[in-house]
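Have a look at the structure below, then the notes.
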Amino acid sequence: MHSGADIKEFGGQMSGPPLIPMIHAIEAASKPVVAAIEGIALGGGLELALGCHYRIAHSKARVGLPEVTLGLLPGAGGSQRLPRLIGVPAALDLITTGRHVTAAEALKFGLVDQITDHNTVNVAVKFAQRVADQPLDARRISTYPCLCPSDVAVLFEEVMQRVRRTARGAIAPIACVQAVRAAATLPYNQGMERERELMATLFTSGQARALQYFFFAQRAVGRWSMPSGARWDTSKPRPVHKAAVIGLGTMGRGITVALAQAGFSVVAVETQEKQLMEAKQAISGMLERGAKRRGVAPALDKINYGRNIQSVADVDLVIEAVFEDMALKKKVFQQLSAVCKPSTFLCSNTSGLDIDQLACQTRNPELVVGMHFFAPAHVMKLLEVVYGPKSSPLAVATAMQLGKKIGKVSVAVGNCRGFVGNRMLKPYLEQALFLLEEGATPEFVDQVLEEFGFAMGVFRMSDLSGLDVGWKVRMADGLAMPDPTTGQPTRLRQGRRYSPLGDLLCEQGRFGQKTGRGWYQYDKPGSQVAKPDPWLHSFLDEYRARHALVAHRIDHQEVLERCLYSMINEGFRILEDGIAAGPEDIDVIYVFGYSWPRHHGGPMFYAATVGLNKVLERLEHYYQAHPDVPSLQPCHLLRKLVASGSPPIQKWREVIKKVRSQL
Ligand SMILES: C/C=C(\C)C(=O)SCCNC(=O)CCNC(=O)[C@H](O)C(C)(C)COP(=O)(O)OP(=O)(O)OC[C@H]1O[C@@H](n2cnc3c(N)ncnc32)[C@H](O)[C@@H]1OP(=O)(O)O
């Protein structure tokens, strides 16, 4: 197995012989060199194999050039040899996506010469003996002409446009296309020179550092810990064979699909007959489409549907996914506790309600955790596993393992309103609304955030998820309506600035895409094409006039700083409170759950890149201008980190530990 260069070495001195001259020496050898590929050959590992004269792979081997995912390109000749070997279109696919391919696919591409089920080295030795006296000139890939389709210029133009669209500001995929274009249009030596120039730019870029940080962050979240000291390596999960999902709305359906696709037996419960029928149809459709895509049989027989909660009596783990209503959830947990066997884990898919209150409804509160999925639950990679004060390490370990088995990136977090993701979203949304009050438009705020790299700006995202969701929560919290009895002002709640803009839109029935009107207008309800809405602009003008707000020019920098730094500040509070164990947890949550651009590493890594002192200074500036907005007040941990000389992110945990021990 060769998974390429040691990523940890990228920041400093690389060990081992320089790769490019070594590959050239192999290729120039007068004796045949046969690569025997077992396990995995990625990055430099595959580039080395491309320097060989022949490649034999085990049938279970996988190969790929994943450098793009680390903010790089295949810089040891991979971008020049691969298109010469397998043609430009296939090479563009592999190099710009970084995807791994199976041995069978590699054989189809002509990337390997033979695959075997036997000992690969023995087969390769025999192969070498057989070809020992054959000429090698036709085996040196660097001498091949690059196989180009006739319309290669059009192809590159199309690929470049697609890559720019999907890269969301990431530079490596674009450099990858440029490098392959060099292979297609220049002699090998000049192509290598172009590869070297592009690689030099990428190697020192902030994006490569962010992506390499993220590679390790993604792996670090699996090594979870709880403030009690319980940890991933000392807490054993219990096997789950049969699970249940209660409530088959959008989330429950997605969770059922995710479980069934991973091979779990699922009892899917919905108490309303009509909704049960609709859910059954929708779930079957999702399973069939997913199975078709993956070329497997749909896991329809894994699911037993029912209307009665009694049918979950023998399951090992239940995921409750009923409406986000505490009273209803409490009732369901009481019923589950009465019906299920005592060892059953009871999990809630709440997106922010108190796990402890649910645990208190049950006989075994230590078996209760949150499993917060993200919509669509069978697609989105993130799972927040939420432990309350009573949750046992066993329950956390079991939920984390289940998450892994169904293909999720699971992050263990503490119990607080909104957990990590939604708690940080609150100040971000709040700032976006304040910016509208002060003169911005939804289009401008979204444009800035999308240029930063979010898949969708905050307002387009709200229209997609439905404005009524947050409205219901604010009503339940007594925020949405000014209280005439207390004379609560429209734009103030408990002494803090409040924007009722979202509530006012909801009062007009503007719930977003589903009603065809929200922060934008749509051709018809359900349409996804957002268009600026003149009604909304007049509404904002009238609103400002009514509240004597003078619109001022808001620039790009102010939008980014206020939306992102207020969110980052909340991230520091979360670390201070011990809700997330480290900055990696927050960053992984934001990249996988909230479309934070991975090439910026996640909000906490981004803060480190910008400079903690700068984040602090700008928060101080904005807090001074808006003293009624507490989320802009720099938190203690941020100040402490700056006072400690802004250590690198890998050292933050030491400062966090000190701050927490002083609380
Ligand atoms: C110039 C650049 C050149 C020449 C390059 O080669 S760039 C590097 C290209 N290679 C990669 O991008 C491969 C990265 N690795 C992976 O994709 C995966 O680790 C894997 C597919 C090889 C294996 O996956 P899996 O079985 O799930 O295991 P983990 O991902 O959990 O990895 C196990 C531990 O190994 C560490 N690791 C893996 N690859 C590298 C690497 N290239 N450099 C440094 N460390 C690596 C990984 O972090 C895990 O460590 P722990 O978390 O267990 O401490």
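The values are calculated or read from the model by the stated rules, or taken from the named source; none is laboratory data. This is a predicted model, so every value here is computed, not measured. Positions of Cβ are generated from backbone atoms using ideal geometry, with glycine treated the same way; all protein chains shown enter the neighbour counts. Remember, those area values only see protein heavy atoms, side chains included, never the ligands or the DNA or RNA. Shrake-Rupley method; radii C 1.70, N 1.55, O 1.52, S 1.80 Å.
Here are the numbers:
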quantity: So Gly51, is it more than 11 Å from the ligand (Cβ to nearest atom) and over 31 Å from the mean Cα position of the chain (by Cα); calculated: yes
quantity: Residue check, Arg238 surrounded by fewer than 23 Cβ atoms within 10 Å (Cβ to Cβ), more than 13 Å from the ligand (Cβ to nearest atom), closer than 30 Å to Phe323 by Cα and in contact (Cβ under 8 Å) with a residue 40 or more places away in the chain; calculated: yes
quantity: Residue match in region 592-603 (condition: open to solvent by less than 30 Å² (accessible area, probe 1.4 Å) and over 30 Å from Leu70 (Cα atoms)); calculated: no
quantity: For Leu46: the one exception among (1) touching a His at 6+ places or on another chain (Cβ under 9 Å); (2) more than 9 Å from the ligand (Cβ to nearest atom); (3) open to solvent by less than 50 Å² (accessible area, probe 1.4 Å); calculated: (2)
quantity: Conditions (1) away from the ligand (no atom under 16 Å from the Cβ); (2) open to solvent by less than 80 Å² (accessible area, probe 1.4 Å); (3) closer than 30 Å to Lys657 by Cβ; number of the one not met by Ser228; calculated: (2)
quantity: Scan of region 125-149 for residues that are open to solvent by 50 Å² or more (accessible area, probe 1.4 Å) and small (Gly, Ala, Ser), ordered by number; calculated: Ala132, Ala138
quantity: Tally of residues being of a type outside the set (S, T, N, Q), away from the ligand (no atom under 11 Å from the Cβ) and open to solvent by 10 Å² or more (accessible area, probe 1.4 Å) across region 54-80; calculated: 3
quantity: Condition broken by Arg164, with the remaining ones in (1) under 26 Å from the mean Cα position of the chain (by Cα); (2) buried (at least 19 other Cβ atoms within 10 Å of the Cβ); (3) assigned to a helix (DSSP H, G or I) satisfied; calculated: (2)
quantity: Only one of Leu147, Leu107 that is aliphatic (A, V, I, L, M), outside any helix (DSSP H, G or I) and over 17 Å from Val33 (Cα atoms); calculated: Leu147
quantity: Every residue from region 354-380 that is free of Cβ contacts under 8 Å to residues at least 40 places away in the same chain and not hydroxyl-bearing (Ser, Thr, Tyr); calculated: Gln357, Leu358, Ala359, Cys360, Gln361, Arg363, Asn364, Pro365, Glu366, Leu367, Val368, Val369
quantity: Count - residues of region 605-640 that are in contact (Cβ under 8 Å) with a residue 60 or more places away in the chain and of a type in the set (A, V, I, L, M); calculated: 4
quantity: The listed residue being open to solvent by 70 Å² or more (accessible area, probe 1.4 Å), of a type outside the set (D, E, K, R) and within 16 Å of the ligand (Cβ to nearest atom), out of His100, His118; calculated: His100
quantity: Counted residues, region 184-221 - those being away from the ligand (no atom under 14 Å from the Cβ) and not in a helix (DSSP H, G or I); calculated: 2
quantity: Residue count, region 46-79 (criterion: closer than 22 Å to Gln114 by Cα and either among the polar types (S, T, N, Q) or not assigned by TED's automatic domain parsing to the domain that holds Pro135 (or both)); calculated: 1
quantity: Checklist (1) free of Cβ contacts under 8 Å to residues at least 60 places away in the same chain; (2) in a strand (DSSP E or B) applied to Ala35, failing item; calculated: (1)
quantity: Residues that are open to solvent by 20 Å² or more (accessible area, probe 1.4 Å) and not aromatic (Phe, Trp, Tyr), drawn from region 503-512; calculated: Leu504, Glu507, Gln508, Gly509
quantity: Condition broken by Ser348, with the remaining ones in (1) farther than 22 Å from Ser631 by Cα; (2) open to solvent by 10 Å² or more (accessible area, probe 1.4 Å) satisfied; calculated: (2)
quantity: Every residue from region 410-423 that is of a type in the set (A, V, I, L, M, F, W, C) and open to solvent by less than 20 Å² (accessible area, probe 1.4 Å); calculated: Val411, Ala412, Val413, Phe419, Val420
quantity: The one condition in (1) within 16 Å of the ligand (Cβ to nearest atom); (2) in contact with a Phe, Trp or Tyr (Cβ under 7 Å, 6 or more places away or on another chain); (3) closer than 30 Å to Tyr144 by Cβ that Arg181 fails to fulfil; calculated: (1)
quantity: Any hit, region 97-107, residues being within 18 Å of Cys148 (Cβ to Cβ) and within 33 Å of the chain's Cα centre (by Cα); calculated: no
quantity: Selection count where residues are out of contact with any helix residue (DSSP H, G or I) (no Cβ under 9 Å at 6 or more places or on another chain) and open to solvent by 70 Å² or more (accessible area, probe 1.4 Å), scope region 328-337; calculated: 2
quantity: Condition check for Glu443: modelled with pLDDT of 95 or more and under 20 Å from Pro532 (Cβ atoms); calculated: yes
quantity: Selected residue [in contact with a Cys (Cβ under 8 Å, 6 or more places away or on another chain) and over 17 Å from Ser566 (Cβ atoms)] from Leu435, Leu467; calculated: Leu467
quantity: Region 305-324 - residue that is touching a residue at least 40 places away in the same chain (Cβ under 8 Å) and surrounded by fewer than 16 Cβ atoms within 10 Å (Cβ to Cβ) and, of those, farthest from Ala377 (Cα to Cα); calculated: Asp314
quantity: Candidate set: region 380-394, residues that are under 11 Å from the mean Cα position of the chain (by Cα) and open to solvent by 10 Å² or more (accessible area, probe 1.4 Å); chosen: the one nearest to Thr250 (Cα to Cα); calculated: Met380
quantity: Selection count, region 11-40, where residues are near the ligand (Cβ under 10 Å from one of its atoms) and open to solvent by less than 30 Å² (accessible area, probe 1.4 Å); calculated: 1
